[in-house]
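Notes for the one structure printed next.
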Amino acid sequence: MIYPIVIYGSPVLRKVAVDIDKDYPDLEKFIQDMWDTMYVSDGVGLAAPQVGKSVRLFVIDGTPFGEDEPELEGFKKVFINAKITERVDEEVSMDEGCLSIPLLRENVSRPQKIRIEYYDQDFNFHDEWHEGMAARIIQHEYDHLEGIMFTDRIAPLKKRLIKGKLQSISKGKFRVNYKYRLPK
Ligand code: NI
């Protein structure tokens with residue numbers, strides 16, 4: 001099943017998502033639906049709030065960046081109940097986009113390296129360090145679980161400049177070829 005992507009301005013994107021356990025209804029199917037939705041929308045990551053579910057789950061497949069970013073070669077993971085436990089001080093700035101904010105790209109500064117604890121789809125526990133592009137994608141998706149959008153993290157002046165753009169995105173003034181759901 002392909003979910004419509006929830007668009008900027010929808011309250012679910014601003015909620016802090018909750019942990020789930022093994023008994024989450026149809027977890028396996030939900031994860032498959034997340035993959036299908038992400039691939040059909042041409043994303044490299046997708047967080048559950050973006051399909052309207054306020055739970056702590058996101059999926060990442062960095063394969064499209066694999067050629068330029070060696071740490072993303074074969075990087076395909078499900079993150080459940082993730083918690084970032086450490087962030088290095090060194091930050092890097094890079095262009096980001098988000099399926100929930102169609103066609104907008106802005107520079108975001110983020111820690112270059114992070115440590116994250118999470119469970120995979122079989123509820124095996126992991127505690128890992130990630131860096132570079134992998135760390136960036138993880139932090140972007142993780143932010144969705146905290147109700148944070150990448151546009152919250154751009155420079156204040158820039159933020160003011162894109163305010164109008166964000167409003168028109170919320171009203172559906174954009175064209176993409178994936179299914180989406182506008183705020184009510
Ligand atoms: Ni996003």
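Bear in mind these aren't lab numbers, they're just calculated from the coordinates by the rules spelled out. Since this is a predicted model, take the numbers as computed values, not measurements. Cβ sites come from the backbone with ideal geometry, for glycine too, and all protein chains shown count toward neighbours.
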- What percent do you get for the relative contact order of the chain when only Cα pairs under 8 Å and 6+ apart count? 28
- Message: What are the ³J(HN,Hα) couplings of the stretch 67-83, residue after residue, when phi is run through the Karplus curve with 6.51, -1.76, 1.60 and θ = phi - 60°? Round to Hz, x for glycine and proline.
- Response: 5, 8, 10, x, 5, 9, 4, x, 7, 10, 9, 9, 10, 10, 6, 5, 9
- Taking the Cα centre of the chain as the origin and placing charges on Cβ (Lys, Arg +1; Asp, Glu -1), which of TYR142, PHE58, LEU182 is farthest toward the positive end of the dipole? LEU182
- Semi-axes of the chain from the Cα gyration tensor (sqrt of 5 times each eigenvalue, largest first, whole Å) come to 24, 21, 15
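Which net charge results for the neighbourhood of VAL16, defined as the other residues with beta-carbon distances under 12 angstrom from its beta-carbon, given Lys and Arg at +1 and Asp and Glu at -1? Before the final figure, lay out the partial values.
On the way: positive: ARG14, LYS15, ARG56; negative: ASP19, ASP143, GLU146.
Charge balance in the 12 Å sphere: 0.
With r as the distance between the Cβ atoms of ARG105 and SER168 and R0 = 25 Å, compute the FRET efficiency 1/(1 + (r/R0)^6) and round to 0.05. Present the calculation step by step, with values, prior to reporting the outcome.
Numbers: r = 16 Å, r/R0 = 0.63.
The computed FRET efficiency comes out at 0.95.
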- Task: Using the structure shown, list the pairs from LYS113/LYS159; LYS76/LYS163; LYS15/LYS159; LYS53/LYS171 with a Cα-Cα distance above 27 Å, or answer none.
- Result: LYS76/LYS163
- Tell me what the chain gives for mean residue ellipticity at 222 nm when only DSSP H runs of n ≥ 4 count, each as -39,500 (n - 2.57), the sum divided by the residue total, rounded to 500 deg cm²/dmol. -7500 deg cm²/dmol
- Task: Have a look at VAL6, SER93, SER41 and report the one farthest towards the positive end of the charge dipole of the stretch 1-107, computed about the Cα centre with Cβ charges (Lys/Arg +1, Asp/Glu -1).
- Result: VAL6
- Let me know the volume per residue of the alpha-carbon convex hull for the stretch 13-89, in Å³. 124
- So, with points 7 Å from each Cα along the Cβ direction, the VAL176-ALA155 label distance in nm works out to 2.6
- Just in the stretch 17-80: which trypsin sites (Lys or Arg not before Pro) are loop by DSSP and have at most 15 other Cβ atoms within 10 Å? LYS22
